[in-house]
Amino acid sequence: MRSTSNPTFRNLPVGVGGYAGFDSAPAGYGGALPTTRPMTVDDVVTKTSITLAVLVAAGAATYFSGLWGLTLPAALVGFVLALVITFKKAISPPLILAYAAVEGVFLGGISGVLGTYVANRWGASIVPQAVAGTVLVFAGMLVVYKTGAVKVTPRFTKWLTGALIGVVGLMLVNLIAGFFTQGVGLGLRSGGALAIIFSLVCIGIAAFSFLLDFDAADQAIRSGAPEKTAWYIAFGLTVTLVWLYLEILRLLSYFQND
């Protein structure tokens, strides 16, 4: 069975690779403990809904309270939590919910800062548009996966993995170059034409990454992975959603530049 390239799914049970064929799990399942029941689509939907509810609640509270100074600390804590969850052998629902809460604070803060800046200049916030865009892309990719319009094949997985490594590498190079060019770097985040193209590429890769997430969940259900695995699926989907929202928010801000 093929494996997923999403690093957040590295600890899925052996033989499990992303969630949307949504087949019922078989009665007997892999190497799972006999005392645990197999994961179902309801588990995935429930755990993902809880995780996103925590993220949205924390984001809304931060956004409307004006506690935007927590943006940077939340980003750092969220990064550390993501690493811990990814490399921790046991799945920890409390850590995953803590990650969702911290990322909510981060998104609420960055949305407040960037949204207010744009609103003060142009009289309209880009936050609702970014939220709507994220929801539409997620729903669209779910339809794409369910209809089989794009098949998650080993070749597709390798292509997307390479693209993901490429954009992350460019982000790091751009960040390092920015230290020597007064923040301009390679121009990938400067707001010009190159920055717009780069954000569009990132949005595209994030969108197609959902297919890997859905596929990993689908494989987990098919292989009868333990019920607790649904929390890990929820974590992976949340990571992708956060990245997608940030890229859409950033892209919208570019269009407001003079």
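So, in region 227-242, exactly how many residues are under 16 Å from residue 102 (Cα atoms) and touching a Ser or Thr at 6+ places or on another chain (Cβ under 8 Å)?
First pass over region 227-242, keeping only residues under 16 Å from residue 102 (Cα atoms): 234-242.
Of the ones still in play, those that are also touching a Ser or Thr at 6+ places or on another chain (Cβ under 8 Å) are 234-241.
Count: 8.
Out of all the residues in region 28-36, is one or more among the polar types (S, T, N, Q) and either in a loop (DSSP other than H, G, I, E, B) or modelled with pLDDT under 95 (or both)? Walk me through how you get there before you give the answer.
Step one: of region 28-36, the residues among the polar types (S, T, N, Q) are 35-36.
Those still in the list that are either in a loop (DSSP other than H, G, I, E, B) or modelled with pLDDT under 95 (or both) too: 35-36.
Yes, there is a match, as at least one residue in region 28-36 is among the polar types (S, T, N, Q) and either in a loop (DSSP other than H, G, I, E, B) or modelled with pLDDT under 95 (or both).
Does residue 77 qualify as being closer than 27 Å to residue 227 by Cβ and at pLDDT 95 or above? Reasoning before the result, please.
Working: closer than 27 Å to residue 227 by Cβ: no; at pLDDT 95 or above: yes.
No; evaluated as a whole, the condition is false for this residue.
Within region 123-134, which residues are within 19 Å of the chain's Cα centre (by Cα) and exposed (fewer than 13 other Cβ atoms within 10 Å of the Cβ)? Steps first, please.
So the first thing to find is which residues in region 123-134 are within 19 Å of the chain's Cα centre (by Cα), and the list is 127-134.
Those that are within 19 Å of the chain's Cα centre (by Cα) and exposed (fewer than 13 other Cβ atoms within 10 Å of the Cβ): 128, 132.
When you scan region 57-103, how many residues do you find that are closer than 20 Å to residue 240 by Cβ, surrounded by 16 or more Cβ atoms within 10 Å (Cβ to Cβ) and β-branched (Val, Ile, Thr)?
6
Do you know which of the residues in region 104-122 that are of a type in the set (S, T, N, Q) and over 25 Å from residue 49 (Cβ atoms) is surrounded by the most Cβ atoms within 10 Å (Cβ to Cβ)?
To start, the set of residues in region 104-122 that are of a type in the set (S, T, N, Q) comprises 111, 116, 120.
Pick out the ones that are also over 25 Å from residue 49 (Cβ atoms) and you get 116, 120.
Values: 116: 15, 120: 9.
The residue in question is 116.
The values are calculated or read from the model by the stated rules, or taken from the named source; none is laboratory data. Treat the numbers as computed from the prediction; the structure is a model and nothing was measured. When we count neighbours, we look across all protein chains shown, and the Cβ atoms used for this are built from the backbone with ideal geometry, even at glycine.
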